[in-house]
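Step one of this worksheet: look at the structure below.
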Amino acid sequence: MKPANSAKRLYEETKLLVLSEQNKVSHSTVNSLVDFLDVDDLLVVNRSATLPASFSGQIERTHQVVEIRLAAFQGPDPSQLQNWFAFSFGAGDWTIPTEKRGLPPALSPGDRVIIGEDLIADIVSVQHERLLSIRFLSSSLQKSLYTHGRPIQYSYHKDALEIWDQQTIFSGPAISVEPPSASFPLTWQMIFRLKNKGIRLASLLHGAGISSTGSQYLDSKLPLREWYSIPSATRELINTTKSNGNRVVALGTTVLRAIESAADNGQAQAGAGLTTLKFSPGYQFKTIDTLITGMHEFGTSHRDVLNALCPPELVQVGYEQVEFHDYRDHEYGDISLLDCRKSII
Amino acid sequence: MTHQSYWENKNVLITGGTSGLGRALTMQINELGSNVGMIARTKEKISEIEMMHPNVIGIQGDVSKKQKIYPLAGEVHSRLGDIDILFNVASYLGDTPLRNLIDTDCEDLEKVLQTNVLGPFRLSKAILPAMLLRKKGLIVNISSDAAISVYPTWGSYSISKASIDHMSKIFDIELKAQGVRFLSIDPGDMNTPMHFAAIPDANPAELRDPNDSAAKIIELIVSEDRSEVRRSV
């Protein structure tokens, strides 16, 4: 697949790969999404906005320059943005492939990275190599994060991203470090069409984490522990949908992760928490029936999710076909609908 | 419905909250029990309001700047939460003394439109998702009689206010089925620094106190009469 290297969105014209019951692979566009969902199905979306989550700073102890990329919000809630997992990066910037970045200067617990006069990152612990637990110190944190942060982006992008390039049509509280990008092709007009057909809409909040670290070892740790919150209204809608035998459709893997993490005894639960849930083939989904998600490279944790939702051989066939249909991958690329639950149960 | 019961515990965001009508709305709505966030450009003026009204959340920023909208929205969501009512009050008259359109610099018209039209449009877009997901919300844009009547030398401002009227009507017709409504309110000629910048020799006795206009706007909103988008108070 070619990477979608521009933030320009194709909206309705975005390609849609559909993997469905009876092991079918079909190709459509997002404009037809309404045709694949039924009356009383429930579409659940992530309403998190995305912070500019890459910061350049100087280590107070050694005066060395280091890039800190936020990796996952650690709570306790969106009004308190102090606590994060983060990765340190060495020399270079987003224009250099992350795996070619140099090793960052060593950081130890207790180190402070001075990002600006009004923003300091306190290194709480070093978890694995460059994986850090940090706490921000600032008297005006919300403002300072935007003053000093730049969007996290990768070398396949043509241009530097602007903050608005990373927001979705559902963006509310900003706790994601990379966009919950399955929403990128959607417009409110499409949402209104879905609602007019009788498809329900619900939302939750999940802090989408970093997608790539430049290290195979560290990538294998992804997704990290992430914070989520499910409102009681969403829980009610999920449980009603399930009890009526209709489908709960997750728009994006962050929604999938939040809802599955909060499910108990086949019932969705409301509330906030941190999730470490990972998916692998054979995972028994408790709540989610269908997933809408972006196209991503082989070998990523994302593929594990797809293989858990659909038979791996069907995913393989689908991904082989997209090569011939000029799909584009990464966050601004095309998307897929995985609707195989009935065929694999 | 009483004013108190309507406003109590609502999250209200007001731009241009440190002077004129914005300041009057900030103070009155805060008194009525809402959680009020107020966006303004000048830190000192924000601090002054926060000193007098410790419950008011002051957020410094310029809504006319495209780069500032998502940082402002991020700060609003973090410090105030989802917004029930947004007032786009911040407004710019244009360079004074006011001049005929033929003598108006293109850059000046652009600046007026950035503050009075694009700013409210961008901020509304950043605040609307939470309203649409909750199927309720109100966005109030502040208009002027100059949106309807034609006054020589008021060109840039008139154009911007006619535009905000139309923008409000279009948003309203597109979103009212989703539970989100818009009003575009002409608050009358008020005794404000902006009015005196436009008409330095205006007679203060003939101008309304912004507190009176704010009270009438609050009354109109509580009435829940949404039969027309453009209103005068």
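Structure notes:
- Scanning the stretch A:264-292 for residues that are closer than 17 Å to A:ALA233 by Cβ, surrounded by fewer than 20 Cβ atoms within 10 Å (Cβ to Cβ) and among the hydrophobic types (A, V, I, L, M, F, W, C) yields A:ALA270, A:ALA272.
- Checking each residue in the stretch B:112-153 for being surrounded by 22 or more Cβ atoms within 10 Å (Cβ to Cβ), without any contact (Cβ under 8 Å) to a residue 60 or more places away in the chain and not in a helix (DSSP H, G or I) picks out B:GLY137, B:ILE139, B:ASN141, B:SER144.
- Scanning the stretch B:93-106 for residues that are touching a residue at least 40 places away in the same chain (Cβ under 8 Å) and surrounded by 12 or more Cβ atoms within 10 Å (Cβ to Cβ) gives B:LEU93, B:GLY94, B:THR96, B:LEU98, B:ARG99, B:LEU101, B:THR104.
- Residue within the stretch A:35-43 that is under 28 Å from A:TYR154 (Cβ atoms) and touching a helix residue (DSSP H, G or I) at 6+ places or on another chain (Cβ under 9 Å) present: no
- Whichever residue in the stretch B:172-202 is at pLDDT 95 or above, assigned to a helix (DSSP H, G or I) and exposed (fewer than 15 other Cβ atoms within 10 Å of the Cβ) and, among such residues, is farthest from the chain's Cα centre (by Cα): B:ALA177
- For A:SER301, the conditions (1) out of contact with any strand residue (DSSP E or B) (no Cβ under 8 Å at 6 or more places or on another chain); (2) among the small types (Gly, Ala, Ser); (3) buried (at least 20 other Cβ atoms within 10 Å of the Cβ) all hold with the exception of (3).
- Selection from the stretch A:163-191 of residues that are of a type outside the set (A, V, I, L, M), surrounded by fewer than 18 Cβ atoms within 10 Å (Cβ to Cβ) and more than 8 Å from every other protein chain (Cβ to nearest Cβ): A:THR187, A:GLN189
- So A:LEU194, is it more than 10 Å from every other protein chain (Cβ to nearest Cβ) and surrounded by fewer than 22 Cβ atoms within 10 Å (Cβ to Cβ): yes
- Any chance B:LEU109 is within 14 Å of chain A (Cβ to nearest Cβ), surrounded by fewer than 23 Cβ atoms within 10 Å (Cβ to Cβ) and either in contact with a Leu (Cβ under 8 Å, 6 or more places away or on another chain) or aliphatic (A, V, I, L, M) (or both): no
- Conditions (1) touching a residue at least 24 places away in the same chain (Cβ under 8 Å); (2) of a type outside the set (S, T, N, Q); (3) more than 20 Å from A:PRO223 (Cα to Cα); number of the one not met by A:HIS330: (3)
- Unmet criterion (only one of (1) surrounded by 18 or more Cβ atoms within 10 Å (Cβ to Cβ); (2) without any contact (Cβ under 8 Å) to a residue 60 or more places away in the chain) for B:ALA205: (1)
- Qualifying residues in the stretch B:28-38 (those that are free of Cβ contacts under 8 Å to residues at least 60 places away in the same chain and either among the aliphatic types (A, V, I, L, M) or within 10 Å of B:VAL12 (Cα to Cα) (or both)) - the one surrounded by the most Cβ atoms within 10 Å (Cβ to Cβ): B:MET38
- Every residue from the stretch A:134-162 that is part of a strand (DSSP E or B), away from every other protein chain (no Cβ under 14 Å) and surrounded by fewer than 19 Cβ atoms within 10 Å (Cβ to Cβ): A:ARG135, A:LEU137
- Residues (within 14 Å of chain A (Cβ to nearest Cβ) and hydroxyl-bearing (Ser, Thr, Tyr)) located in the stretch B:37-95: B:SER47, B:TYR70, B:SER78
- Any hit, the stretch A:55-66, residues being assigned to a loop (DSSP other than H, G, I, E, B) and hydrophobic (A, V, I, L, M, F, W, C): no
- Checking each residue in the stretch A:65-89 for being within 16 Å of the chain's Cα centre (by Cα) and within 13 Å of chain B (Cβ to nearest Cβ) picks out only A:PHE73.
- Out of B:GLU228, B:GLU219, sole residue that is acidic (Asp, Glu) and in contact (Cβ under 8 Å) with a residue 12 or more places away in the chain: B:GLU219
The values are calculated or read from the model by the stated rules, or taken from the named source; none is laboratory data. This one's a predicted model, so the numbers in the text were calculated from it and none came from an experiment. Backbone-built Cβ (ideal geometry, glycine too); neighbour counts: all protein chains shown.
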